[in-house]
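Chemist: I have a structure here, written as structure tokens, and I will follow up with some questions on it.
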Amino acid sequence: MKRPSNETLFGFALFFAALAPRLFVALHWAGEPVWDGHYYDFGARRIAAGLGYSDDRWENGIIAWHPWCHYPVGYSAALGAVYRVFGSDLRVAAVFDASVSAALCVMTWLLARNLLSPARAKLAGVIAAIHPGLVLYAALVMTEPLSALLTLTAFWIATRRRESMPGFVIGALVLGAGALVRPQALLCAPFFALIAMPAPLAKYGKMARPIAAALACALALAPVLPWTARNCERMDGCALVSTNGGWNLAIGAFPRATGRFETLRASDGCRVVTGQVQQDRCWFAYGLDQIREHPWHWIALVPAKLGYTFDHESFEVEYLHEARPAAWPEARRAAFRDGVTTFHRLLVVAAALAGIAYARRRRKNEIVAQGAALLVVLALAGLAVSGDAPHFYPLVLAGAVLPWLPLPGRAPLPDALALGLALVGTTIVTHAVFFGEDRYHVVLTPIFCIMAAAAFRKPLRA
């Protein structure tokens, strides 16, 4: 019998080392699902009961079945399948979420292996395993860890064997499955053509990349379209995945917008709607109208939106406090919030160094270029902590841009890292358009772990 390799043993060790604290937190600290988690859990219970993604409504004195699609279905469908087998118990959700989070650490390591040395790849996995925010997130009935797991799995498959057509196809399909959890994943599909270009398409010459981009988008849409067809049949109109896009656009553009979530009211613009699709289209039209009428107001909110998304990390603590207030007195709540935020900020600074290379022997122009890039990151880090309100989102922007710049002596940009940066970039754009909250960067945390482990690699020529 063949003995498992050291790499396989490390993968198992990483999974169980990550699982232990996550299981403890999920089983001992979790409470009733709150905020969006309440709806995800409710949807999962309905699916497990064979009622589909739906709720019940009173219509003319009779309880009537009513289909949903306001939230993306993917997480509730996955949790619903688990509920169907093991029962609709919060302990089942806790084990599921903890296992997903632990698997995400392993996938972080596996993706990092496609671009880093074995030691650096293991470091990326370990950072993900000990990340306090990811550990606490295992106690939340929320979508971000599953979304990150599916997206990173798609990247890993597409880049495991460079220029592989099967890897390209399967990776794009998995990305589409991830879009059912987080629709923004579809924005990464075109980057498969720019980065993970399959060799069989190279024969098309200049048209190869446009063809590959179209193919990647079509493949990513394939797992989504059956759900879209369901929406067209069951809802009051067609919706690709969910009906919260217009809602989110309006939140980021209406007169009371602050850059983060604000509750919309009927008095804000959509007074009479009869269905979720109609409501979403109304808010979408309203949001576009606000952008056209007050473009500078919308543009001026971008720094605030990115700040709310990247400057701190406290959602996990606030969710747990909301679920079990007595278990989170103010002193404990503040200490955990500060600890998780500090770790996040240090990781963001380290991730911003991913594009900076180091070698003992360097040409003068390489020393100048890489030294200047390092000074930019250090200056941004200094500015981030110098004011009364820390701003770390410029470091995220720098980390997303620096690896692409053709600076002398730059670090290599493998396909796997480029896809990770595409995820960072599309997330930045998404929340600059809509609105920001710190939970939205959790999908990027594994990529930040990989970027941090990639800092100060050898330059391309070395």
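The values are calculated or read from the model by the stated rules, or taken from the named source; none is laboratory data. Remember, it's a predicted structure, so these values are computed and weren't measured experimentally. Reconstructed Cβ throughout: ideal geometry from the backbone, glycine too, with neighbour counts over all protein chains shown.
Chemist: Please verify whether the stretch 368-379 includes one or more residues that are surrounded by fewer than 18 Cβ atoms within 10 Å (Cβ to Cβ) and within 26 Å of MET197 (Cβ to Cβ).
Modeler: Within the stretch 368-379 (the criterion being surrounded by fewer than 18 Cβ atoms within 10 Å (Cβ to Cβ) and within 26 Å of MET197 (Cβ to Cβ)), the answer is no, since none of the residues qualifies.
Chemist: Here's a follow-up. If ALA389 satisfies every condition in (1) small (Gly, Ala, Ser); (2) surrounded by 13 or more Cβ atoms within 10 Å (Cβ to Cβ); (3) under 30 Å from ASN248 (Cβ atoms) but one, which is the exception?
Modeler: It fails just one condition, (2).
Chemist: Next question, about the same structure. Examine the stretch 207-218 for a residue that is within 21 Å of the chain's Cα centre (by Cα) and more than 15 Å from LEU150 (Cβ to Cβ), and state whether such a residue exists. Before the answer, list the steps.
Modeler: Step one: of the stretch 207-218, the residues within 21 Å of the chain's Cα centre (by Cα) are 216-217.
Still in the running and more than 15 Å from LEU150 (Cβ to Cβ): 216-217.
Yes, the stretch 207-218 contains at least one residue that is within 21 Å of the chain's Cα centre (by Cα) and more than 15 Å from LEU150 (Cβ to Cβ).
Chemist: Then there is this: Can you pull out every residue in the stretch 247-266 that is modelled with pLDDT of 95 or more and assigned to a helix (DSSP H, G or I)?
Modeler: Across the stretch 247-266, the qualifying residues are ASN248, LEU249, ALA250, ILE251.
Chemist: Let me ask something else about it. Can you report the number of residues in the stretch 68-87 which are surrounded by 14 or more Cβ atoms within 10 Å (Cβ to Cβ), farther than 18 Å from LEU146 by Cα and modelled with pLDDT of 95 or more? Reasoning before the result, please.
Modeler: Filtering the stretch 68-87 down to residues surrounded by 14 or more Cβ atoms within 10 Å (Cβ to Cβ) leaves 68-84, 86.
Filter once more, keeping what is farther than 18 Å from LEU146 by Cα: 68-70, 84, 86.
Restricting the remaining residues to those that are modelled with pLDDT of 95 or more gives 84, 86.
So the count comes out to 2.
Chemist: Find the helices (runs of 4 or more DSSP H) located wholly in the stretch 353-462 whose residues include 3 or more that are among the small types (Gly, Ala, Ser), and list them. Quick ask: steps written out before the conclusion?
Modeler: Details: elements: 364-386, 393-401, 415-433, 445-453.
Once the helices (runs of 4 or more DSSP H) in the stretch 353-462 are filtered for at least 3 residues that are among the small types (Gly, Ala, Ser), what remains is 364-386, 393-401, 415-433.
Chemist: Of THR228, THR274, which residue is more than 25 Å from LEU79 (Cα to Cα) and among the hydroxyl-bearing types (Ser, Thr, Tyr)? Outline the logic, then answer.
Modeler: Values: THR228 fails: more than 25 Å from LEU79 (Cα to Cα).
It is THR274.
Chemist: While we're looking at this one, here's another question. Yes or no: the stretch 340-348 includes at least one residue that is more than 16 Å from LEU134 (Cβ to Cβ) and either surrounded by 15 or more Cβ atoms within 10 Å (Cβ to Cβ) or without any contact (Cβ under 8 Å) to a residue 60 or more places away in the chain (or both).
Modeler: Of all residues in the stretch 340-348, those more than 16 Å from LEU134 (Cβ to Cβ) come to none.
No, every residue in the stretch 340-348 fails to be more than 16 Å from LEU134 (Cβ to Cβ) and either surrounded by 15 or more Cβ atoms within 10 Å (Cβ to Cβ) or without any contact (Cβ under 8 Å) to a residue 60 or more places away in the chain (or both).
Chemist: Let me ask you something else. For the stretch 183-194, enumerate the residues that are within 16 Å of GLY420 (Cβ to Cβ) and either touching a Phe, Trp or Tyr at 6+ places or on another chain (Cβ under 6 Å) or surrounded by fewer than 24 Cβ atoms within 10 Å (Cβ to Cβ) (or both). Lay out the reasoning, then the answer.
Modeler: First, pick out the residues of the stretch 183-194 that are within 16 Å of GLY420 (Cβ to Cβ): 184-185, 187-192, 194.
Matches in the stretch 183-194: GLN184, LEU187, PRO190, PHE191, LEU194.
Chemist: Another question, if that's okay. Quick one: in the stretch 88-102, which of the residues that are in a helix (DSSP H, G or I) and of a type outside the set (A, V, I, L, M, F, W, C) is surrounded by the most Cβ atoms within 10 Å (Cβ to Cβ)?
Modeler: Within the stretch 88-102, the subset in a helix (DSSP H, G or I) is 90-102.
In the following step, the residues that additionally are of a type outside the set (A, V, I, L, M, F, W, C) were identified as 91, 97, 99, 101.
Numbers: ARG91: 12, ASP97: 27, SER99: 19, SER101: 31.
The extreme case among them is SER101.
Chemist: Right, next: Only one residue in LEU194, LEU187 is within 29 Å of GLY37 (Cβ to Cβ) and of a type in the set (A, V, I, L, M), so which one is that?
Modeler: Details: LEU194 fails: within 29 Å of GLY37 (Cβ to Cβ).
Criteria check complete, one pass: LEU187.
Chemist: Can you tell me which residue in the stretch 232-241 is nearest to the chain's Cα centre (by Cα), limited to those that are farther than 14 Å from ALA285 by Cβ and surrounded by fewer than 21 Cβ atoms within 10 Å (Cβ to Cβ)? Let's see the steps before the verdict.
Modeler: Restricting attention to the stretch 232-241, the residues satisfying the condition of being farther than 14 Å from ALA285 by Cβ are 232-236, 238-241.
The next check asks that each one be surrounded by fewer than 21 Cβ atoms within 10 Å (Cβ to Cβ); those that pass are 232-236, 238, 240.
Values: CYS232: 27, GLU233: 30, ARG234: 29, MET235: 27, ASP236: 29, CYS238: 25, LEU240: 19 Å.
Checking each candidate, the answer is LEU240.
Residues are listed down the side, and each one gets a yes or a no for (1) surrounded by 23 or more Cβ atoms within 10 Å (Cβ to Cβ); (2) under 23 Å from the mean Cα position of the chain (by Cα); (3) not charged (D, E, K, R):
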{"site": "ILE356", "(1), (2), (3)": "yes, no, yes"}
{"site": "GLY382", "(1), (2), (3)": "no, no, yes"}
{"site": "TYR393", "(1), (2), (3)": "yes, yes, yes"}
{"site": "GLY420", "(1), (2), (3)": "yes, yes, yes"}
{"site": "VAL429", "(1), (2), (3)": "no, yes, yes"}
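Chemist: Could you identify the single residue in GLY167, GLY133, GLY80 that is within 30 Å of ILE211 (Cα to Cα), small (Gly, Ala, Ser) and part of a helix (DSSP H, G or I)?
Modeler: Going through GLY167, GLY133, GLY80 in turn, just one is within 30 Å of ILE211 (Cα to Cα), small (Gly, Ala, Ser) and part of a helix (DSSP H, G or I): GLY167.
Chemist: So how many residues does the stretch 253-281 have that are within 22 Å of ARG230 (Cβ to Cβ) and surrounded by 11 or more Cβ atoms within 10 Å (Cβ to Cβ)?
Modeler: Of the residues in the stretch 253-281, 8 are within 22 Å of ARG230 (Cβ to Cβ) and surrounded by 11 or more Cβ atoms within 10 Å (Cβ to Cβ).
Chemist: What's the number of the only condition in (1) modelled with pLDDT of 95 or more; (2) touching a Pro at 6+ places or on another chain (Cβ under 6 Å) that LEU413 fails to meet?
Modeler: Against the list (1) modelled with pLDDT of 95 or more; (2) touching a Pro at 6+ places or on another chain (Cβ under 6 Å), LEU413 comes up short only on (1).
Chemist: Mind telling me which of the residues PRO145, PRO198, PRO132 ends up being surrounded by fewer than 24 Cβ atoms within 10 Å (Cβ to Cβ), in contact with an Asp or Glu (Cβ under 9 Å, 6 or more places away or on another chain), closer than 30 Å to ALA335 by Cα and not aliphatic (A, V, I, L, M)?
Modeler: Numbers: PRO145 fails: surrounded by fewer than 24 Cβ atoms within 10 Å (Cβ to Cβ); PRO198 fails: closer than 30 Å to ALA335 by Cα.
Of PRO145, PRO198, PRO132, the one residue that is surrounded by fewer than 24 Cβ atoms within 10 Å (Cβ to Cβ), in contact with an Asp or Glu (Cβ under 9 Å, 6 or more places away or on another chain), closer than 30 Å to ALA335 by Cα and not aliphatic (A, V, I, L, M) is PRO132.
Chemist: Which pairs have Cβ atoms under 9 Å, sit 6 or more apart or on different chains, and link a residue in the stretch 214-226 that is more than 18 Å from SER242 (Cα to Cα) to one that is outside any helix (DSSP H, G or I) and modelled with pLDDT under 95?
Modeler: LEU215/PRO198; ALA216/ALA196
Chemist: Within the stretch 43-51, can one find any residue that is touching a Ser or Thr at 6+ places or on another chain (Cβ under 9 Å), over 14 Å from MET142 (Cβ atoms), of a type outside the set (Lys, Arg) and in a helix (DSSP H, G or I)? Reasoning before the result, please.
Modeler: Let us first name the residues in the stretch 43-51 that are touching a Ser or Thr at 6+ places or on another chain (Cβ under 9 Å), namely 43-49.
Now restrict to residues that are over 14 Å from MET142 (Cβ atoms): 45-49.
With the extra rule that they be of a type outside the set (Lys, Arg), the set shrinks to 47-49.
So of that shortlist, the ones also in a helix (DSSP H, G or I) come out as 47-48.
Scanning the stretch 43-51 turns up at least one residue that is touching a Ser or Thr at 6+ places or on another chain (Cβ under 9 Å), over 14 Å from MET142 (Cβ atoms), of a type outside the set (Lys, Arg) and in a helix (DSSP H, G or I).
Chemist: Check THR153, THR159 and return the single one that is of a type in the set (S, T, N, Q), over 30 Å from THR274 (Cβ atoms), at pLDDT below 95 and assigned to a helix (DSSP H, G or I). Steps first, please.
Modeler: Working: THR153 fails: at pLDDT below 95.
None of the others qualify; the one that does is THR159.
Chemist: Can you pull out every residue in the stretch 315-335 that is touching a residue at least 60 places away in the same chain (Cβ under 8 Å) and surrounded by fewer than 20 Cβ atoms within 10 Å (Cβ to Cβ)? Before the answer, list the steps.
Modeler: Of all residues in the stretch 315-335, those touching a residue at least 60 places away in the same chain (Cβ under 8 Å) come to 315-317, 319-320, 322-324, 327.
Residues satisfying the conditions are GLU322, ARG324, ALA327.
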